[in-house]
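Just below is one structure, and these are the notes that go with it.
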């Protein structure tokens with residue numbers, strides 16, 4: 001069995017023998033994997049490769065004082081990939097040992113400065129989680145028939161028949177849905193509608209709310225559970241119990257601060273979530289924040305990280321977003337350019353649904369759909385007392401619906417929107 005120095009030299013000299021520097025690239029091995037004693041040899045060979053050449057083994061033997069017998073032993077191993085695997089394992093082992101030693105070194109901080117200790121643990125975790133990571137390309141046409149269209153048997157219903165007809169449903173993974181609207185248009189209610197509908201179907205749903213407490217969310221979810229406006233709180237509670245709904249919530253009150261994507265990822269892992277609702281973008285902290293970073297950069301980072309969570313854990317992420325000033329002043333539902341502070345948010349999204357609520361009539365408009373057409377405009381008569389949405393099929397019925405909505409507001413059926 002080769003020691004570390006012999007292993008590194010056998011690999012580097014084998015690369016010269018076979019003219020195969022590419023084996024390092026394909027195995028994601030760089031200079032960091034080699035001990036300091038062999039850095040000069042690595043640099044020497046790389047300087048030749050940069051000029052599309054390889055040095056002679058005899059010259060290397062002379063320059064680095066490698067005798068003929070040692071050179072023979074180093075170069076008699078022909079399997080470079082096996083040497084790469086052995087080097088990676090040895091490197092990972094030494095890296096873990098080093099990081100554990102750092103952890104022991106920082107142990108006094110547990111008593112003197114626990115916050116800094118946690119930060120040090122986070123730094124060590126970030127270093128270790130990349131070990132063994134490989135960037136691999138894939139065949140573009142492999143299993144291409146599976147993505148020709150969304151499989152309707154493997155989606156989560158939106159809870160709206162009209163949206164399901166157009167969108168098929170939320171994809172399990174590679175799905176970041178932006179719901180954009182002005183303040184007071186009912187975005188939070190819409191998020192709960194999506195969450196409740198998924199939970200009724202047996203999904204494990206998580207909600208991060210940056211503006212409401214758990215108790216406020218409980219009050220609203222009971223409204224969503226009412227099947228009729230005359231239902232009591234007890235009947236709504238019984239509906240929730242009968243359906244054994246799985247909905248977990250994370251709020252600022254529990255965290256004592258705004259959540260970042262790491263907090264949200266922990267909830268996904270701990271609760272084995274299959275769907276996530278984030279309310280809202282402006283109340284999530286950018287874990288990559290650096291002093292001076294503009295808000296638009298922070299929002300872009302957050303939405304990118306949330307999309308990555310969707311890919312990593314195969315779940316749809318519904319992100320509620322505030323409209324910018326132009327969207328607030330617009331007479332119609334907001335467009336893509338009205339997403340507050342960031343073009344990157346719209347770019348990261350797979351679907352964007354804008355909403356506008358006027359006189360109790362909610363207009364939903366699909367303004368982006370990566371997986372299909374985006375030409376749906378649907379109006380609903382909304383009763384926020386029970387969070388129910390009645391589709392308006394014909395334009396002429398809208399006037400009647402407006403009258404009904406105003407009557408509910410006057411006689412106590414409207415409720416507030418957030």
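Quick note: the coordinates plus some simple rules give every number you see, no bench work behind them. Because the structure is a prediction, the values reported are computed rather than measured. Don't worry about glycine lacking a Cβ; one is built from the backbone with ideal geometry, like all the others, and counts go over all protein chains shown.
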Going by average Cβ neighbours within 10 Å, how do the peptides 359-372, 189-202, 239-252 rank, with the highest at the top? 189-202, 359-372, 239-252
Describe numerically, in nm with one decimal, the distance between label points set 7 Å from Cα along Cα→Cβ at residue 121 and at residue 30. 2.9 nm
Sort 101-114, 82-95 by packing, meaning the average of other beta carbons within 10 Å per residue, with the highest value first. 82-95, 101-114
Suppose the chain between residue 174 and residue 82 were pulled fully straight at 0.36 nm per residue; how much longer would it get relative to their current alpha carbon spacing? 29.6 nm
Everything considered on the Cα gyration tensor (a ≥ b ≥ c; rounded for a/c under 1.5, else prolate if a/b is larger than b/c, else oblate), segment 1-79 must be described as rounded
Going from the fewest other Cβ atoms within 10 Å to the most, one would list 229, 389 as 229, 389
Give me 269, 66, 207 ranked fewest to most by other Cβ atoms within 10 Å of their Cβ, as a rough exposure proxy. 269, 66, 207
Using the eigenvalues of the Cα gyration tensor, what equivalent ellipsoid semi-axes result for segment 150-411 when each is taken as the square root of five times the eigenvalue, whole Å, largest first? 27, 23, 18
Using a 10 Å cut-off around each Cβ, can you sort 205, 180 from fewest to most neighbouring Cβ atoms? 205, 180
Need the full-extension length gain, residue 59 to residue 242, defined as separation in residues times 0.36 nm minus the C-alpha distance. One decimal, nm. 57.9 nm
On the formula 1/(1 + (r/R0)^6), with r taken between the Cβ atoms of residue 47 and residue 311 and R0 of 35 Å, the FRET efficiency rounded to 0.05 is 0.35
The FRET efficiency for residue 393 and residue 282, from their Cβ-Cβ distance with R0 = 35 Å and rounded to 0.05, is 0.50
